[in-house]
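Chemist: I'd like to ask some things about the structure below.
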Amino acid sequence: MDLDLTDRFRMAAEAIRGARALVITSGAGMGVDSGLPDFRGDHGFWKAYPMYQRLGINFVNAANPTHFERDPAFGWGFYGHRANLYRGTAPHLGFHLLKEWSRRFELDTFVVTSNVDGQFQKAGFSEEQVVEVHGSIHHLQCLAPCSMTIWDNKEEIPVDLATMRAEHIPRCIRCGGVARPNILMFGDYSWISDRTSAQEDRFEAFLDSHDRDTMAIVEMGAGTAIPTIRYLGERLGDREGATMVRINPREAQIRPPHISVPAGALEGLRGIEAELAEEEA
């Protein structure tokens, strides 16, 4: 059946209205409407960071913990710039629509995101209802690590954009050595996963508590290049009583009875909201 976008919005609205629980999943595409880069492919990364193209460095090279060992100022150039960017970015309306649906329809809600930007918490979602599968740029750990301690990132990190070198290097609060973001990077062997593991435990308890409930899963901006979030949504969609809504401008395909919405995150969420509002009128 060939459905137009309005039909898809309507079906998604029905799934949300009929749910007892809501799982929100997101990849990098969720932040695009807030003005954040999604690093899609080397050219997408270089568009956001042209200085790295001149250096012949792609996202995988930049997001590598070896920089913190060999040249901490260069390692912190990338992550310091990102921390500053995320701190200065306001979550777009779509985040607030999701929060409002949770309240309006009395949906027990959990968020699972591969993003490290903290935008869901900034939009008002509780720390207790978010899983950050790759960690968070707003938390630090020791590079070594000398202990399993994870602490809040309150560091101010000016960055020289011409060289992508940080003018300040955060230090471990225990040993004084180099600190790094508590983020799972490429080729990472020293990431401390305890904070994320605790989040995942809370999410599993949430799923157990809704074992027999109708559930809506709303996925936004999760592509196929690193399909962690897509696979999670599809696994949840196999649960009895679950309906998944996949919002993605380029890779929205999903098997029925789940709902494919070929749109950007904000466009898709606004379209669903329009249908929910019309039903209430």
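Every number here is computed from the coordinates shown, using simple stated rules; none is lab data. Remember, it's a predicted structure, so these values are computed and weren't measured experimentally. Heads up, the Cβs are rebuilt from the backbone with ideal geometry, glycines too, and the neighbour counts pull from every protein chain shown.
Chemist: Please check: in the Gaussian network model of the chain (C-alpha springs, under 10 Å), which one of Q141, Q119, Q253 has the largest mean-square fluctuation.
Modeler: Q253
Chemist: Continuing with this model, one more query. Arrange the peptides 80-86, 112-118, 204-210, 102-108 so that the one whose residues have, on average, the most other Cβ atoms within 10 Å appears first.
Modeler: Ranking the peptides 80-86, 112-118, 204-210, 102-108 by packing returns 112-118, 80-86, 102-108, 204-210.
Chemist: Can you give the charge dipole size of the chain about its Cα centre, rounded to the nearest 20 debye, using +1 on the beta carbon of Lys and Arg and -1 on the beta carbon of Asp and Glu?
Modeler: 840
Chemist: Oh, and also: Add +1 for every Lys or Arg and -1 for every Asp or Glu among the other residues with Cβ under 12 Å from the Cβ of S193, and state the total.
Modeler: Residues close to S193 contribute a combined charge of -4.
Chemist: If you add up the charges near F78, with Lys and Arg at +1 and Asp and Glu at -1, over every other residue whose beta carbon is less than 13 angstrom from its beta carbon, what do you get?
Modeler: Net charge around F78: +1.
Chemist: Still on this structure, please answer the following. Rounded to the nearest 500, what is the chain's calculated 222 nm mean residue ellipticity when only DSSP H runs of at least 4 contribute -39500 (n - 2.57) each, over all residues?
Modeler: Rounded to the nearest 500, the figure is -11500 deg cm²/dmol.
Chemist: Another question, then. When you count, for each residue, the other Cβ atoms within 10 Å and take the mean per peptide, how do 46-54, 216-224, 30-38 rank with the highest first?
Modeler: 216-224, 30-38, 46-54
Chemist: Can you pull out the cysteines in the chain that have no other Cys Cβ under 4.7 Å?
Modeler: Flagged as lacking a Cys partner: nothing.
Chemist: When the Cα centres of the range 21-42 and the range 106-120 are compared, how far apart do they sit, in Å?
Modeler: Each part's Cα centre sits 11 Å from the other's.
Chemist: First select every other residue whose beta carbon is under 15 angstrom from the beta carbon of L266; then total the charges, Lys and Arg +1, Asp and Glu -1.
Modeler: Summing Lys/Arg as +1 and Asp/Glu as -1 gives -4.
Chemist: Using R₀ = 45 Å, calculate the FRET efficiency as 1/(1 + (r/R₀)^6) where r is the Cβ-Cβ separation of A198 and Q53; round to 0.05.
Modeler: 0.75
Chemist: Check each of the trypsin sites (Lys or Arg not before Pro) in the range 108-194 and keep only those in coil by DSSP with at most 11 other C-beta atoms within 10 angstrom; list them in order.
Modeler: Passing both the DSSP loop test and the Cβ count: K154.
Chemist: Which whole-number percent gives the relative contact order of the range 5-280, counting Cα pairs below 8 Å spaced six or more residues apart?
Modeler: Normalised by residue count, the contact order of the range 5-280 is 26 percent.
Chemist: Test of understanding: extend the Cα→C-beta vector of T89 to 7 Å, then name every residue of the range 220-241 with backbone N under 20 Å from that spot.
Modeler: 220-230
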